[in-house]
Amino acid sequence: MVVKEIIEARWKAIIGGAVAVVVAAVLASVYNLLKNTLETGNGAKQPPAQIQALIQQMLGSYDAYAWSQWFSKDGPELLAILAAVLGASLISSEVSKGTIFFLLSKPMSRERVLLTKYLVSALSLFGATLLGSVALLIVAAIVGHPQQIGGVLISTVLLWLGMLFVLGLALLFSVVFKDVLRPLVGSLLVTIAFSVPGYIPHAQDWNLTFYWASFAAYEGTAFPWKALIICLVAAIVPVALAVLLFRKQAY
Amino acid sequence: MSDMSAAQESVGNSRQPAAIELRNLVVKYGERPAVNGLNLTVPTGTIFGFLGPNGAGKTTTIKTMLGLRQPQAGNVRVLGYDAVAESMEVRARVGYVSEVNSLYDFLTIPQLSAFCRSASRQWNQGIVDRYVGVFGLPTKIKVGRFSKGMQSQLALSLALGSNPDLLILDEPTAGLDPLARHEFLNKLVAEIAAEGKTVFFSSHILSEVEAVADWVAIIRDGALVVCDELDHLKQTQKTLKLTYANLPPAAEVQALRDLPGVMSVAQEGRSVRLLTHGDVEALSQTIQARPYALRGVEIVDLDLEDLFLEYMKGGDNGR
């Protein structure tokens, strides 16, 4: 069953991984160009001072730039979409194509069916996340800003755990709905909803996406225990709900 | 329906455990019962045709046997196992070809076989290879490029690979052309049954059921209408066509309906058709002795299609 799931998910994972590599590599490589452009101006009209200050802050150090661009912004956005794409079809496409009867008529528990599917997708997602991080590490070293491997790895695991929340949501919706579109859109909308507290003053602690990235962990100044535990719990809850629901679902 | 009861009772009392036993099965979709108090016993080693019009509850019954749906009431035992509490044991011993017949179209036959092997307890790749060879199915191209008939043949081959004691086929020949249907049933099902396995298949193509089945059950509105050995059913159930000299009064038609052995009555002018069971000769003599002149009495043998139509026309009298 694992092989079947790998074959089914392979193109999504390959494309997702390739995009992650390209995005991370581009982000890592354009730092010097951005910094030079901002410093020399190249004859272009300078942006307002406030914007300049923000850009200066972002480009103040390569570490802060790399972390904020890959682990805090583009990485989660890209990988959340990949997680939703991987999870949305896990059960719903079996139902819509009619293969659910072939699958569930085999002497396998529904827990095994669901968790095998989930684990293959989770590992594909880890592969894509890791590829992006490795691309970042390699390109950063090439452009003269070697990064701490330990910090990158911990941030990679944290980001992956955060993405498992999206994957779990997509899986849960995939059990509920019989088409792929609603689980895909639903999981992304719920994820966005969980980031809303980030825009509310004094509610940052309730912003789940805040825990997906830790600069202190990236720098190697602190181990992100709290973020890891929160991300782990957030990843487990939707999967547990999906298992409970799938056990009782009639087809 | 004493014949039905007697046949089912004799199966129920036999020492060999029944392949399938349904008792007062109720399965609902929301509030609507799809299966409504179904009782059925399928003897081991038979080719059992499960008939009914569209929406009669055939597929729902099959899904319940496999644990894909939970019954609201009643008991389901398959090969001696409780289909609800021991669903895994049931599925380990049952080969199933679904109505939809959907296989993973992105896999090749060896990949599908590997998938089934990983999910099976007693996989026999030799059986699959043999049937794949018999059907001449290509092993290097993806199943999605197979014709409907090839997919049915592959689904059956894979179902047999788990070496099942019971094969459940839900409308296995739907969408096949007559030649493919003939090959599928006459060649295969007979061969499988010859190995002592029980074959339970639902169909609405009555000629194919009649060609291979030795037992049949007909359901309507989720309840059993009749269940018997096909030969016994055809021997004991016949149509008696009566042609009266004058239009028979309603009281006479009602009296015919109440005669023992009369299952249903249909009147068209001076002609009255009785679906009967038991000793039709004796019934014929009883009717001829009644005080209404008859121009003709004809005993008509029924094939399965006639029987099916009679039961479907018979309303509650047919039960």
Looking at region B:132-145, which of the residues that are in contact with a helix residue (DSSP H, G or I) (Cβ under 7 Å, 6 or more places away or on another chain) and at pLDDT 90 or above is nearest to the other protein chains (Cβ to nearest Cβ)?
B:Val143
Counting only residues in region B:108-131 that are more than 10 Å from chain A (Cβ to nearest Cβ) and of a type in the set (A, V, I, L, M), the one farthest from A:Arg112 (Cα to Cα) is identified as B:Ile127
Is it the case that A:Leu59 is within 24 Å of A:Phe165 (Cβ to Cβ), away from chain B (no Cβ under 14 Å) and out of contact with any His (no Cβ under 8 Å at 6 or more places or on another chain)?
no
Exception for A:Ile154 within (1) within 14 Å of chain B (Cβ to nearest Cβ); (2) buried (at least 19 other Cβ atoms within 10 Å of the Cβ); (3) β-branched (Val, Ile, Thr); (4) out of contact with any Leu (no Cβ under 7 Å at 6 or more places or on another chain) falls at (1)
In this structure, does A:Ser174 turn out to be among the small types (Gly, Ala, Ser), farther than 21 Å from A:Asp74 by Cβ and assigned to a helix (DSSP H, G or I)?
yes
Output yes when any residue across region A:119-128 is surrounded by fewer than 17 Cβ atoms within 10 Å (Cβ to Cβ) and over 22 Å from A:Ser29 (Cα atoms), and no when none is.
yes
Since B:Phe308 meets every condition but one in (1) assigned to a helix (DSSP H, G or I); (2) over 30 Å from B:Gly95 (Cβ atoms), which condition does it not meet?
(2)
For B:Arg77, all conditions in the list (1) touching a residue at least 24 places away in the same chain (Cβ under 8 Å); (2) under 15 Å from the mean Cα position of the chain (by Cα); (3) surrounded by fewer than 23 Cβ atoms within 10 Å (Cβ to Cβ) hold save one; what is the number of the exception?
(2)
Suppose the filter is surrounded by fewer than 21 Cβ atoms within 10 Å (Cβ to Cβ), modelled with pLDDT of 95 or more and more than 12 Å from the chain's Cα centre (by Cα); does A:Thr116 pass it?
yes
For region B:223-299, give me every one of the strands (runs of 3 or more DSSP E) that falls completely inside it and has 1 or more residues that are over 30 Å from B:Gly74 (Cβ atoms) and either modelled with pLDDT of 90 or more or of a type in the set (Gly, Ala, Ser) (or both).
B:237-244, B:262-268, B:271-277
With the first residue restricted to region A:92-105 and required to be within 7 Å of chain B (Cβ to nearest Cβ), and the second required to be among the basic types (Lys, Arg) and buried (at least 22 other Cβ atoms within 10 Å of the Cβ), Cβ contacts under 9 Å at 6 or more apart or on different chains are A:Phe101/B:Lys63; A:Leu104/B:Arg91; A:Ser105/B:Arg91
Can you run down the residue pairs with Cβ atoms below 7 Å, 6 or more apart or on separate chains, where the first is in region A:154-182 and under 13 Å from A:Val239 (Cα atoms) and the partner is part of a loop (DSSP other than H, G, I, E, B)?
A:Leu171/A:Leu90; A:Ser174/A:Ser89; A:Ser174/A:Leu90; A:Ser174/A:Ile91; A:Val175/A:Ile91; A:Val175/A:Gln249
Single residue of B:Thr44, B:Thr64 found to be within 24 Å of B:Asp228 (Cβ to Cβ) and part of a helix (DSSP H, G or I):
B:Thr64
Taking the condition at negative phi, modelled with pLDDT under 95 and buried (at least 17 other Cβ atoms within 10 Å of the Cβ), does A:Gly162 pass?
no
Show the residue pairs meeting these rules: Cβ distance below 9 Å; 6+ apart or different chains; first residue within region B:287-310 and within 16 Å of B:Thr239 (Cα to Cα); second residue acidic (Asp, Glu) and assigned to a helix (DSSP H, G or I).
B:Ile299/B:Glu281; B:Val300/B:Asp306; B:Leu302/B:Glu310; B:Asp303/B:Glu210; B:Leu304/B:Glu210; B:Glu305/B:Glu210
Restricted to region B:87-107 and to residues being facing chain A (nearest Cβ under 7 Å) and in contact with a strand residue (DSSP E or B) (Cβ under 7 Å, 6 or more places away or on another chain), the residue farthest from B:Val189 (Cα to Cα) is B:Ser98
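Table: residues versus (1) within 14 Å of another protein chain (Cβ to nearest Cβ); (2) surrounded by fewer than 18 Cβ atoms within 10 Å (Cβ to Cβ); (3) within 30 Å of A:Leu137 (Cα to Cα); (4) out of contact with any helix residue (DSSP H, G or I) (no Cβ under 7 Å at 6 or more places or on another chain).
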| residue | (1), (2), (3), (4) |
| --- | --- |
| A:Lys12 | yes, yes, yes, no |
| A:Ala18 | no, yes, yes, yes |
| A:Val23 | no, no, yes, no |
| A:Ser29 | no, yes, yes, no |
How many of the residues making up region B:288-300 are loosely packed, with under 15 Cβ neighbours inside 10 Å and touching a helix residue (DSSP H, G or I) at 6+ places or on another chain (Cβ under 7 Å)?
2
Which condition does B:Arg77 not pass, out of (1) assigned to a helix (DSSP H, G or I); (2) more than 10 Å from every other protein chain (Cβ to nearest Cβ), if it passes all the others?
(1)
Answer yes or no: is there a residue in region B:136-152 that is surrounded by 22 or more Cβ atoms within 10 Å (Cβ to Cβ) and more than 21 Å from A:Met1 (Cα to Cα).
yes
Given the conditions (1) surrounded by fewer than 20 Cβ atoms within 10 Å (Cβ to Cβ); (2) in contact (Cβ under 8 Å) with a residue 24 or more places away in the chain, and given that A:Ile7 satisfies all but one, which numbered condition is not satisfied?
(2)
Could you list, in sequence order, all residues of region B:29-61 that are facing another protein chain (nearest Cβ under 10 Å) and more than 26 Å from B:Asp306 (Cβ to Cβ)?
B:Tyr29, B:Thr60
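The values are calculated or read from the model by the stated rules, or taken from the named source; none is laboratory data. On a predicted model such as this, the values are computed, not experimentally measured, just so you know. Cβ sites come from the backbone with ideal geometry, for glycine too, and all protein chains shown count toward neighbours.
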